[in-house]
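Contents: one structure, followed by commentary.
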Amino acid sequence: MIDHITLRDTARDSVLSKQLGYGYVPISKAANTNVKRFLWQVEHELGHCRPVGKQYFSVHNYGWRFANPDARTPWLGFRKSGIEAFYEALRGRRMLTIVRNPYIRLLSGYLEKIVAKVDVEPNIPAKFQLPRRPESFADFVYMVCDRPNARTDIHFRSQTYASLFDFIAYDSVGHVETLSSDLAGFSADAFGQDFSHLLSEKADHAMKARQKLKDHYTPDIERAIYARFRDDFLNFGYDYDLEAVLPVRPVARPGALNACLEEAAHLCAPTLRQEEPAPSDRALEASKKLLARLEAGQALSGFDNSLAPYARNLLQK
């Protein structure tokens, strides 16, 4: 349900504005780069930073480089060793994430990360946490469906998991399929005016997966993906029908476990520290309370069970 993998990746890849009070939690293969470029351009338009770089992927925090206090970005930076600070900094922010039809997202990831590269980069399967080179889209799908989220590459894992949907009380959950209008609404609410004209019309790495669905999908593949990503279909309003590309229902209520998020970060943080992995007093206290709930049969759904190994490990140190 939650673990140090998604807490780490979310803290590394998300952006929290220094000046404008918003936060964006990106999902790989769901307009991540395009939305970050849009937000940077808004910050520039409002006088808070330099223009976004011409290199399309320059907005990404590879290697935690935005953690450098001298990084010339409109966003706060956090180091891997201090992810607790990132989750504490979410308080009071207007939070945004963008999701994508699961059928299209997985096909797009396959076409870009596997098909387009595997012949020139032999280590592609290992790089994307696959046991071997997929022989077909169906073979790829079954590999992904057979792996838990924590062992699935960020480009293919569940969007519910990647967005911490149960733990972050999002103000806006947009859809790639209606991106311009969704960002128009978000910018009007967050910045007082519609900045959607700053959104790039074309992504540099677009795979046109939407137009290729029928070339790759079979009923068996549809069933496998729906079963694996059922939470994404239900939470984000998408239909089981492959033909129904646009969301057909409102997004479910996010952040049901929002009050638990900071405690989860404190419990998992020592696992991510190579140096000084000693748990904080807050983490130790949270560990005792969590294990007491489990012992009394009063566990908080799957939350306590997912964090119990971290709690036991901390109390043994």
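Which residue out of A244, A209, A184 is out of contact with any strand residue (DSSP E or B) (no Cβ under 6 Å at 6 or more places or on another chain), more than 30 Å from D304 (Cβ to Cβ), small (G, A, S) and surrounded by fewer than 17 Cβ atoms within 10 Å (Cβ to Cβ)?
A244
I need a count of the residues in the range 221-277 that are within 29 Å of T178 (Cα to Cα) and part of a loop (DSSP other than H, G, I, E, B).
Final tally of qualifying residues: 22.
Kindly provide the set of residues from the range 159-181 that are in a helix (DSSP H, G or I), of a type outside the set (G, A, S) and open to solvent by 30 Å² or more (accessible area, probe 1.4 Å), ordered by number.
Hits for the range 159-181 are V176, E177, T178.
Identify the single condition in (1) open to solvent by less than 40 Å² (accessible area, probe 1.4 Å); (2) over 21 Å from C268 (Cβ atoms) that P69 does not satisfy, given that it satisfies every other one.
Single failed check for P69: (1).
Which one is nearest to D189 (Cα to Cα), of the residues in the range 1-33 that are in a helix (DSSP H, G or I) and open to solvent by 20 Å² or more (accessible area, probe 1.4 Å)?
Here the residue is N32.
Quick one: what pairs do we get from the range 234-255, first residue among the acidic types (D, E), second assigned to a helix (DSSP H, G or I) and open to solvent by less than 30 Å² (accessible area, probe 1.4 Å), C-beta under 8 Å, 6+ apart or different chains?
D239/F233
What's the number of the condition A292 fails, among (1) open to solvent by 50 Å² or more (accessible area, probe 1.4 Å); (2) within 21 Å of F165 (Cα to Cα)?
A292 satisfies every listed condition except (2).
For the range 256-289: of the residues being within 17 Å of K80 (Cβ to Cβ) and polar (S, T, N, Q), which is surrounded by the fewest Cβ atoms within 10 Å (Cβ to Cβ)?
Q274
I'd like to check something: does the range 35-57 contain any residue that is closer than 27 Å to F229 by Cβ, assigned to a loop (DSSP other than H, G, I, E, B) and at pLDDT below 95?
yes
Just to check your reading of the model, which residue among R133, R93 is open to solvent by 30 Å² or more (accessible area, probe 1.4 Å) and in contact (Cβ under 8 Å) with a residue 40 or more places away in the chain?
R93
What number goes with the only condition from (1) in contact with a Lys or Arg (Cβ under 8 Å, 6 or more places away or on another chain); (2) crowded, with 18+ Cβ neighbours inside 10 Å; (3) in contact (Cβ under 8 Å) with a residue 40 or more places away in the chain; (4) part of a loop (DSSP other than H, G, I, E, B) that I83 does not pass?
Status for I83: all satisfied but (4).
The values are calculated or read from the model by the stated rules, or taken from the named source; none is laboratory data. Only a predicted model underlies this, so the values are computations on that prediction, with no experimental measurement involved. Cβ coordinates were reconstructed from backbone atoms using ideal geometry, including for glycine residues, and neighbour counts include every protein chain displayed. Surface accessibility is based on the protein's heavy atoms, side chains included, excluding ligands, DNA and RNA. Shrake-Rupley method; radii C 1.70, N 1.55, O 1.52, S 1.80 Å.
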